[in-house]
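Undergrad: If you scroll down you'll find the structure; I have some questions about it.
Nothing in this text is a laboratory measurement; each read-out follows from the coordinates by a stated rule. Just so you know, these numbers come straight off a predicted model, no measurement behind them. Please note: Cβ atoms are built from the backbone with ideal geometry, for glycine as well, and neighbour counts cover all protein chains shown.
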Amino acid sequence: MSNRALPSIEYRELAADHLPDSKRVRWLFPGLLVGLTVAGTYLATHPYPAFGGGLYLEMAERILGHGYALPDRIPKYMADGVPFAYPPLGFYVVAVFRDLTGLGPFALTRYLPVLYSLLYLVPFFFFADDLLGSSRQAGLATVLAATAPYLLQWHISAGGIVRALATLVVVTGLYTGLQLFRTGGVRWLLSSTVLFGLLVLTHPVYTLFFVVSYLWLYAYFDRSLLGLLRGAIVGVGGVVVTAPWWGLVVSRHGLDVFLGTTGTHGGIGTQILELFSANGPAVVLIHVAPWLFEFTSPGTLIAGCWLLLAVVSALWLAFRREYFVLVWLVLSAVIVSKPRFVNLVGALAIPAFLFQAVVPRLGRWTPPDYRRYLPTVSLVLVIVAAASVGVAYTSSNLDSHAGSQSLPQFLDDDHTDAMQWAKWNTEPGAGFVVLGDTGEWFPMLADRTLLVGPWGVEWHGEDRYNRQLSLFNHLSTCSTPACITDYLDRLRTEPDYLYVPRGSYTVRGMEQFAHAGLHAELTRSPVYDLVYQNDGVRIYRIHTPPETNRDGAPS
């Protein structure tokens with residue numbers, strides 16, 4: 001296996017990419033310009049942040065309330081709260097911003113993810129430039145990283161206050177890791193160790209991607225005993241410097257708090273075990289195939305084609321005996337099992353494929369007088385196409401989230417008004433069942449306890465997480481009072497209020513519509529007493545008669 005950079009030296013000389021730093025950096029600006037366009041579109045079309053971020057904000061508020069000491073639990077998410085076992089760095093950053101600027105929760109969850117998503121394009125460009133040996137290709141790769149659908153879904157939305165920050169740390173660590181395994185410099189060893197420690201304090205899934213990537217960087221670019229020692233120092237050093245945090249969490253909640261969460265959200269690394277089981281490759285393919293072949297709408301077609309293009313590009317490089325990106329793609333898909341990382345890695349392969357395979361073949365069919373313009377025209381067309389996808393995705397004009405809006409807002413004015421009413425007009429110890437994804441924001445905005453939902457419950461272990469997720473999904477899609485009553489009976493505590501959206505809402509990001517007769521039937525039922533309503537929400541007080549039948553009427 002060669003130790004050379006990608007792509008081939010011959011192509012780099014043909015492209016005249018041996019540029020001085022002052023000229024090399026100019027290729028960063030197309031990515032930044034496209035990133036700013038995509039970010040501006042998102043902010044202009046989303047008065048409220050996309051997806052959920054209430055739990056993250058609640059954790060930052062708890063940190064502030066404890067004078068920046070690490071809290072023991074996060075109350076109001078479930079009757080007994082959830083353990084504060086999350087890596088805390090992102091929440092401390094939010095707490096500092098909140099403390100110093102006084103920005104409200106919606107401003108923080110709209111602007112911080114955008115800021116992080118723009119910042120991580122800078123180290124990504126320099127990593128791509130050093131890896132590919134082509135500033136032009138690195139510039140295009142940066143454009144693709146700024147517009148890739150799955151990266152936008154997870155990073156520019158509200159949860160990006162943690163995930164986009166983790167990506168900034170990861171990409172910076174990839175750059176230092178590449179230098180470490182190529183040169184062995186002490187400064188790269190120290191910076192990589194610090195970055196790994198910061199990532200351990202930020203997000204577990206991104207930490208896994210960091211580890212997988214470093215192992216592959218070592219295997220491809222170094223393979224020496226000294227390089228292995230350097231990699232071990234990065235790993236052990238990062239764990240040691242974060243010991244005050246994870247040691248405190250283990251002392252409070254036991255080691256099971258970390259072990260139990262590994263089986264939730266699809267599991268961490270579980271597919272590598274499946275790969276070596278009976279029919280393992282087929283099982284893993286079943287998991288991965290929906291990313292590539294979910295062509296149920298224009299949006300899913302675009303996202304799927306993006307991933308397919310990344311795979312085809314990596315296979316083409318492998319055909320040329322340049323295996324780095326293909327193996328990295330496979331490791332990311334199988335071990336980490338999140339398409340956002342395939343988007344990130346795939347952005348490095350696509351430019352080489354386009355400008356070494358596609359453009360030269362197009363040149364054979366282009367008149368000689370225009371052939372010299374073909375690379376520039378192709379570059380502009382690809383950038384415009386990528387930017388168009390990014391703009392369409394961030395404006396929620398792609399029905400790409402399982403046929404629903406690409407970046408749905410869980411909140412609107414009606415929901416925030418209803419939560420404020422609950423905050424000021426219900427007893428402080430009241431327990432609520434909230435139908436739909438709006439519930440993720442409810443404890444933070446209403447300051448009342450949410451009794452059903454999966455958010456944060458992963459730290460209680462896989463069984464409890466799966467039970468809460470099932471209850472949430474079933475309750476949120478009920479179309480009759482009997483259905484709601486049935487699932488409420490399965491709770492281990494009695495709720496005081498039922499919060500039901502009207503019209504359109506989302507469940508796990510999928511668009512739903514409230515059943516036309518549901519509210520009328522709830523209003524007639526003696527179990528549910530309407531206490532608040534606006535155009536988008538109704539809140540019911542739940543009564544528990546001594547005996548009721550399945551439809552909520554007295555026996």
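Undergrad: Take every Cα pair under 8 Å in region 450-502 that's 6+ residues apart, average their separations, divide by the length, and report that relative contact order as a whole percent.
TA: 28 percent
Undergrad: Per residue, what volume in Å³ does the convex hull of the Cα atoms of region 325-421 enclose?
TA: Roughly 152 Å³ of hull volume per residue.
Undergrad: Using modelled amide H (1.01 Å from N, peptide plane; none on Pro or chain starts), what sits under 5 Å from the amide H of Gly431, excluding residues fewer than 5 places away?
TA: Long-range HN contacts for Gly431: Asp496, Tyr497.
Undergrad: Taking H placed 1.01 Å from N in the peptide plane, check which residues at least 5 places from Thr506 or on another chain put their amide H under 5 Å from its amide H.
TA: Asp437, Thr438, Gln512
Undergrad: Sticking with this one: Mind pulling the angle between the C-alpha long axis of helix 339-353 and the longest principal axis of the chain? Nearest 10 degrees, somewhere in 0 to 90.
TA: 20 degrees
Undergrad: Under the Cβ-under-4.7 Å rule, which cysteines of the chain stay unpaired?
TA: Isolated Cys, the chain: Cys305.
Undergrad: Could you give the angle, 0 to 90 degrees to the nearest 10, between helix 225-241's Cα long axis and the longest principal axis of the Cα atoms of the chain?
TA: Taking the Cα atoms of the chain, the angle to 225-241 is about 30 degrees.
Undergrad: If you place +1 on the Cβ of every Lys and Arg and -1 on the Cβ of every Asp and Glu, how big does the dipole about the Cα centre of region 313-390 come out, in debye to the nearest 20?
TA: That gives region 313-390 a dipole magnitude of about 100 debye.
Undergrad: I've got another one for you. In debye, nearest 20, what is the charge dipole magnitude of region 425-555 about its Cα centre with +1 on Lys and Arg Cβ and -1 on Asp and Glu Cβ, if you could check?
TA: 120 debye
Undergrad: Further question on the same structure: Mean residue ellipticity at 222 nm from the helices of the chain, using -39,500 (n - 2.57) per DSSP H segment of n ≥ 4 over the full residue count, to the nearest 500 deg cm²/dmol?
TA: The helix contribution divided over the chain gives -18500 deg cm²/dmol.
Undergrad: Another question, then. Give the cross-link partners of Lys76 among the lysines, using a straight C-alpha distance below 19 Å as the criterion and excluding same-chain residues fewer than 8 apart.
TA: Partners within reach: Lys423.
Undergrad: Hey, another quick one. Nearest-5 percent of antiparallel DSSP beta bridges in the chain?
TA: 75 percent
Undergrad: Another question, if that's okay. Hey, what do the phi angles of region 420-435 turn into as Karplus ³J(HN,Hα) couplings, whole Hz, using 6.51/-1.76/1.60 and θ = phi - 60°, x for Gly and Pro?
TA: 5, 4, 4, 5, 9, 10, 10, 5, x, x, 5, x, 10, 10, 10, 7
Undergrad: Quote the relative contact order of the chain in percent (integer), defining contacts as alpha-carbon pairs under 8 Å separated by 6+ residues.
TA: 17 percent
Undergrad: Can you run phi through the Karplus equation (6.51, -1.76, 1.60; θ = phi - 60°) for region 494-502 and list ³J(HN,Hα) in whole Hz, with x for Gly and Pro?
TA: Couplings: 9, x, 9, 9, 10, 10, 10, x, 10 Hz.
Undergrad: Under the 0.36 nm per residue contour assumption, what length would be gained going from the current alpha-carbon distance of Arg321 and Leu530 to full extension?
TA: 68.5 nm
Undergrad: Based on Cβ point charges of +1 for Lys and Arg and -1 for Asp and Glu, what charge dipole magnitude is obtained for region 9-394 about its Cα centre, in debye rounded to the nearest 20?
TA: In total the dipole reaches around 600 debye.
Undergrad: Using only Cα atoms and rounding to the nearest 10 degrees, what angle (0 to 90) does helix 243-253 make with the longest principal axis of the chain?
TA: Taking the Cα atoms of the chain, the angle to 243-253 is about 30 degrees.
Undergrad: Considering the values (i) 20, 51, 24, 4, 0; (ii) 15, 37, 37, 9, 1, 0; (iii) 19, 49, 28, 4, 0, which represents P(r) over Cα pairs in 20 Å bins from 0, in percent as calculated for the structure under consideration?
TA: It is the value labelled (i).
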